[in-house]
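Presented below is the structure to which this report refers.
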């Protein structure tokens, strides 16, 4: 485990705080109702307002982008997302997706019931990300963006020089390492998984569940 990477567990979803040159980068933000826990996590790790250099959103779902507006206002942090998911966070456009498992169908129903009472502040991203974009010079984060459509059109991974991959919901590890449970485009997801298998990925940090070695994903050995 890379000691510069800290997990902020927000109920059923993960946010990751990475210490970089001159500050921090936050990857994903949880639901709006997680704000208190997120802020306690940030401040306990030394990430005070003014120290957050960038917020990277792996995709536009509410449980990953729910606190972006607050971070823009209080932390003055720029928010970055792939252009393919910009409409999700700006206008609340939610793509239709297939659910791959029985657990996923039950979880979807529960989330729909919970989200009736969940407010989410819409926001305009400060930066639109693209495949291969290097974050080292501008943000002191030695990592590149990997576009991974399938779960959503604009899903991304963030791959560091050391082989750490932050992957949102493209890969999960609720009980064991697996591919996305919700799929907007199955063909694109398959291509994205094959793309990852061709990269030098060591450790995977999923949006849901525990981190795992890439070699633990079925088909990667």
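The values are calculated or read from the model by the stated rules, or taken from the named source; none is laboratory data. Remember, it's a predicted structure, so these values are computed and weren't measured experimentally. Cβ: placed from backbone, ideal geometry, glycine included. Neighbour counts: every protein chain shown.
Take the conditions modelled with pLDDT of 95 or more, over 27 Å from residue 11 (Cα atoms) and touching a strand residue (DSSP E or B) at 6+ places or on another chain (Cβ under 7 Å) and apply them to residue 164. Does it pass?
Answer is no for this residue.
Which residues, counting only those in region 21-32, are buried (at least 18 other Cβ atoms within 10 Å of the Cβ) and either in contact with a strand residue (DSSP E or B) (Cβ under 9 Å, 6 or more places away or on another chain) or modelled with pLDDT of 95 or more (or both)?
Scanning region 21-32 gives 23, 24, 25, 26, 27, 28, 29, 30, 31.
How many of the residues making up region 48-62 are touching a strand residue (DSSP E or B) at 6+ places or on another chain (Cβ under 8 Å) and either closer than 14 Å to residue 123 by Cα or crowded, with 24+ Cβ neighbours inside 10 Å (or both)?
Of the residues in that region, 6 qualify.
Would you mind stating whether residue 137 is over 18 Å from residue 28 (Cα atoms) and part of a helix (DSSP H, G or I)?
Yes.
Please determine, by comparing only the residues of region 140-155 that are touching a helix residue (DSSP H, G or I) at 6+ places or on another chain (Cβ under 9 Å) and either modelled with pLDDT under 95 or outside any loop (DSSP other than H, G, I, E, B) (or both), which one is nearest to residue 5 (Cα to Cα).
143
What about residue 15, is it touching a residue at least 24 places away in the same chain (Cβ under 8 Å) and within 14 Å of the chain's Cα centre (by Cα)?
yes
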